[in-house]
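Participant: Dropping the structure in here first, questions after.
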Amino acid sequence: MVGVAGAVLAGLAGVLYRMGPGLGGFGPGGMMYRATGFYCAGCGMTRAAYHLLHFEPVQAFHSNPLMVLLLPLVAAGIAMEVLAWVRGPERPTPRLRPHWRVTVALVVLLLAYGVVRNFPWWPFTLLAPH
């Protein structure tokens with residue numbers, strides 16, 4: 001199962017790498033932005049992933065700064081879960097299990113980020129996708 005998920009993820013990364021953020025018109029695009037004219041917390045994530053795949057971290061940061069900053073934490077959590085699955089339940093493995101307050105703080109951060117990146121004043125304009 002982990003191998004299948006890894007293969008699907010690698011395939012999707014390959015498509016994004018070759019076709020670009022628009023995915024040749026097959027991607028969903030910014031649905032919230034198209035519907036409301038406002039950026040959500042995820043706006044620019046596909047472009048940021050595209051830039052990271054092309055080793056362009058500065059452009060990735062300009063597309064979605066929060067995603068780029070949280071990516072190492074997400075990658076560590078996924079790696080820990082995969083390792084725990086591979087090792088099995090009989091061999092204890094460290095896992096990323098945040099306290100519920102940390103989870104609530106992350107949700108509040110994402111909601112606040114989605115709001116303030118729409119403010120039309122500097123420095124908030126730096127958070128909007130470029």
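Derivation of every value follows stated rules applied to the coordinates shown; laboratory data play no part. In this text, all values refer to a predicted model and were calculated from it rather than measured experimentally. All Cβ positions, glycine included, derive from the backbone under ideal geometry; neighbour counts span all protein chains shown.
Participant: Round to the nearest 10 and give me the degree value, 0 to 90, for the angle of helix 2-19's Cα axis relative to the longest principal axis of the chain.
Facilitator: Compared with the principal axis, the helix lies near 30 degrees.
Participant: What list of whole percents do you get for P(r) of region 50-90, with Cα-Cα distances grouped in 5 Å bins up to the one holding the largest distance?
Facilitator: For region 50-90, the binned pair fractions read 5, 23, 19, 17, 12, 10, 8, 5, 1 percent.
Participant: Placing +1 on the Cβ of each Lys and Arg and -1 on the Cβ of each Asp and Glu in the chain, which of Ala7, Pro89, Val116 has its Cα farthest towards the positive end of the resulting dipole?
Facilitator: The residue sitting farthest along the positive end of the dipole is Pro89.
Participant: For all pairs of alpha-carbon atoms in the chain, what percent lies in each bin of width 10 Å, listed from the first bin to the last filled one?
Facilitator: Using 10 Å bins, I get a P(r) of 11, 32, 35, 18, 4, 0 for the chain.
Participant: For region 40-54, just list the computed ³J(HN,Hα) in residue order, Karplus coefficients 6.51, -1.76 and 1.60, θ = phi - 60°, integers in Hz, with x standing in for Gly and Pro.
Facilitator: Going residue by residue, I get 9, 5, x, 4, x, 5, 5, 5, 5, 5, 4, 5, 5, 5, 9 Hz, with x marking Gly and Pro.
Participant: Still on this structure, I have one more. Round to the nearest 10 and give me the degree value, 0 to 90, for the angle of helix 100-116's Cα axis relative to the longest principal axis of the chain.
Facilitator: Helix 100-116 sits roughly 20 degrees off the main axis of the chain.
Participant: Taking amide hydrogens as modeled 1.01 Å from N in the peptide plane, which residues meet the under 5 Å criterion relative to Cys40, leaving out close sequence neighbours?
Facilitator: Answer set, sorted by chain and number: Tyr33.
Participant: If each DSSP helix of 4+ residues adds -39,500 (n - 2.57) and the sum is divided by the residues in the chain, what number results at 222 nm, nearest 500 deg cm²/dmol?
Facilitator: Calculated at 222 nm, the ellipticity per residue is -19500 deg cm²/dmol.
Participant: Diagonalise the Cα gyration tensor of region 76-130 and give the resulting equivalent ellipsoid semi-axes, square root of 5 times each eigenvalue, largest first, whole Å.
Facilitator: Computed over region 76-130, the values are 37, 13, 6 Å.
Participant: Quick check for me: using +1 on Lys/Arg Cβ and -1 on Asp/Glu Cβ, what's the dipole size of the chain about its Cα centre, in debye to the nearest 20?
Facilitator: Magnitude of the dipole: close to 160 debye.
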